[in-house]
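Step one of this worksheet: look at the structure below.
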Amino acid sequence: MQTSLVENPSVAQLDETLNFLRTKYSGPAPVLGVVLGSGLSGVANAIDNKIAVPYAEIPHFVRSTVAGHAGQLLFGTLEGVPVVCMQGRFHLYEGYTAKQATYPICVMKKLGCKAVIVSNAAGCLNTSWRVGDIMLIADHINLQGQNPLIGPNPRACATSPEQCARFPDMSNCYDKELRDIVTRVASSQGTNTREGVYVALSGPSYETAAEHRFLRIIGADCVGMSTVCEVIVARHIGMKVVGLSVQTNMCMPGVATCHEEVIEAGNKAGRAMVELVKASARPILASLEKN
Ligand SMILES: O=P(O)(O)O[C@H]1O[C@H](CO)[C@@H](O)[C@H]1O
């Protein structure tokens, strides 16, 4: 288990994790990280030459405790692009600190990833959309009451030689160029993606109808309990981000929400997600290599 609740990951911690992972995987260094949300595990099936490492075995990783989150790190290739994929993520409501929940993002960076695709299942607040729609995250609102960067900010983070800002900019959090690439890939596949704002709450209780009204008023299109801390860390250490939210349930007055419904809708949308993530890997890599 990670011991420090306030410090960024240390060089020693990350080295220990990486040395362990190197005993399990010796293929090409991953350039793209992928985080799979509730019910979205199916994307893992598209990864070729897969090596799976359970989180429980990885030094300084915590455990997945939520249904629909397999709890393993996958190495392999997506359309020939070396990737590392979290088949399941960590949430604050599981009792983890923001630093524990985002440690794998630092590991991805240390392994060589220049960008990360984060995906999630989300409740749909936008009344013109439907269950199953895939939203490219254009921006987020962090209402989790936590920020993974709280605490000392060393001159250079253990993940990167460059200085990590005390006050990192979040203006192009969800990279516009990569977002446009994924949108083009989706439309070439006949998938009509949406763009919008993801709001993250701590959970684990779902929202009340009054909270839904409030979240619409402040400009959110969908709501979830994850992602934003991962994205803040990724941006802090200089990784580009693509965010995908699958609309798994409509947030409507008098309509109950349950996690089984979320997982089922995630699984159903999974096929489109698989195709989208798969076909986006190469163009994303081309864009990263160009910049
Ligand atoms: O964000 P992901 O991990 O996809 O999961 C979403 O689904 C769960 C609630 O059903 C919450 O964990 C929420 O954040």
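The values are calculated or read from the model by the stated rules, or taken from the named source; none is laboratory data. What you see is a predicted model; the values in this text were computed from it and never measured. Cβ atoms come from the backbone with ideal geometry, glycine included; neighbour counts cover every protein chain shown. To get the accessible areas, we keep the full protein, side chains included, count just its heavy atoms, and leave off ligands, DNA and RNA. Shrake-Rupley method; radii C 1.70, N 1.55, O 1.52, S 1.80 Å.
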Checklist entry - Among VAL255, VAL242, which is within 16 Å of the ligand (Cβ to nearest atom) and within 18 Å of the chain's Cα centre (by Cα)? => result VAL242
Checklist entry - Across the range 226-243, what is the number of residues that are open to solvent by 40 Å² or more (accessible area, probe 1.4 Å) and at pLDDT 95 or above? => result 2
Item to check | Exclusive hit being under 15 Å from the mean Cα position of the chain (by Cα), within 24 Å of ILE141 (Cβ to Cβ) and either open to solvent by less than 30 Å² (accessible area, probe 1.4 Å) or not β-branched (Val, Ile, Thr) (or both), set VAL223, VAL262, VAL277 | outcome: VAL223
Next on the checklist: Taking the criterion of being over 19 Å from GLY33 (Cα atoms), part of a loop (DSSP other than H, G, I, E, B) and open to solvent by less than 60 Å² (accessible area, probe 1.4 Å), would at least one residue in the range 176-186 satisfy it?
Outcome noted: no
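Quick check: is even one residue across the range 124-143 of a type in the set (Phe, Trp, Tyr) and closer than 25 Å to THR193 by Cα? It would help to see each step written out before you state the result.
Just the residues of the range 124-143 that are of a type in the set (Phe, Trp, Tyr), to begin with: 129.
If we keep only those that are closer than 25 Å to THR193 by Cα as well, we get 129.
Checked the range 124-143: at least one residue is of a type in the set (Phe, Trp, Tyr) and closer than 25 Å to THR193 by Cα.
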Checklist entry - Restricting the search to the range 258-291, which residues are touching a Ser or Thr at 6+ places or on another chain (Cβ under 9 Å) and within 21 Å of ALA209 (Cβ to Cβ)? => result HIS259, GLU261, VAL262, ALA265
Next on the checklist: Cβ-Cβ distance below 9 Å, separation of 6 or more or different chains: which pairs start in the range 191-217 with a residue that is within 22 Å of MET170 (Cβ to Cβ) and open to solvent by 80 Å² or more (accessible area, probe 1.4 Å) and end on one that is of a type in the set (S, T, N, Q) and within 11 Å of the ligand (Cβ to nearest atom)?
Outcome noted: none
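Out of LEU74, LEU32, LEU40, I need the residue that is free of Cβ contacts under 8 Å to residues at least 40 places away in the same chain and among the aliphatic types (A, V, I, L, M). Which one?
Working: LEU32 fails: free of Cβ contacts under 8 Å to residues at least 40 places away in the same chain; LEU40 fails: free of Cβ contacts under 8 Å to residues at least 40 places away in the same chain.
Answer to the selection: LEU74.
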Checklist entry - Taking the stated definitions as given, is VAL274 of a type in the set (A, V, I, L, M, F, W, C) and under 18 Å from ARG130 (Cα atoms)? => result no
Next on the checklist: I'm trying to understand the selection: among the residues of the range 83-102, which are within 16 Å of the ligand (Cβ to nearest atom), open to solvent by less than 10 Å² (accessible area, probe 1.4 Å) and more than 23 Å from ALA265 (Cα to Cα)?
Outcome noted: ALA98, ALA101, THR102
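Over 30 Å from PRO204 (Cβ atoms), more than 16 Å from the ligand (Cβ to nearest atom) and open to solvent by less than 10 Å² (accessible area, probe 1.4 Å): does that describe VAL11?
Values: over 30 Å from PRO204 (Cβ atoms): yes; more than 16 Å from the ligand (Cβ to nearest atom): yes; open to solvent by less than 10 Å² (accessible area, probe 1.4 Å): no.
Taking the combined requirement at face value, the residue does not satisfy it.
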Item to check | Failed condition for VAL62, given (1) closer than 23 Å to LYS114 by Cβ; (2) within 16 Å of the ligand (Cβ to nearest atom) | outcome: (1)
Checklist entry - Quick check: is even one residue across the range 95-113 of a type in the set (S, T, N, Q), assigned to a strand (DSSP E or B), modelled with pLDDT of 95 or more and within 22 Å of TYR198 (Cβ to Cβ)? => result no
Checklist outcome for this item: All-but-one check, ASN147 against (1) within 30 Å of PRO59 (Cβ to Cβ); (2) touching a Phe, Trp or Tyr at 6+ places or on another chain (Cβ under 7 Å), failing number (2)
Checklist entry - So which residues in the range 15-54 are hydroxyl-bearing (Ser, Thr, Tyr) and within 16 Å of the chain's Cα centre (by Cα)? => result SER38, SER41
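Among the residues that make up the range 72-82, is at least one of them within 18 Å of THR159 (Cα to Cα) and either more than 10 Å from the ligand (Cβ to nearest atom) or not acidic (Asp, Glu) (or both)?
Kept after step one, since they are within 18 Å of THR159 (Cα to Cα), are these residues of the range 72-82: none.
The answer is no; no qualifying residue exists.
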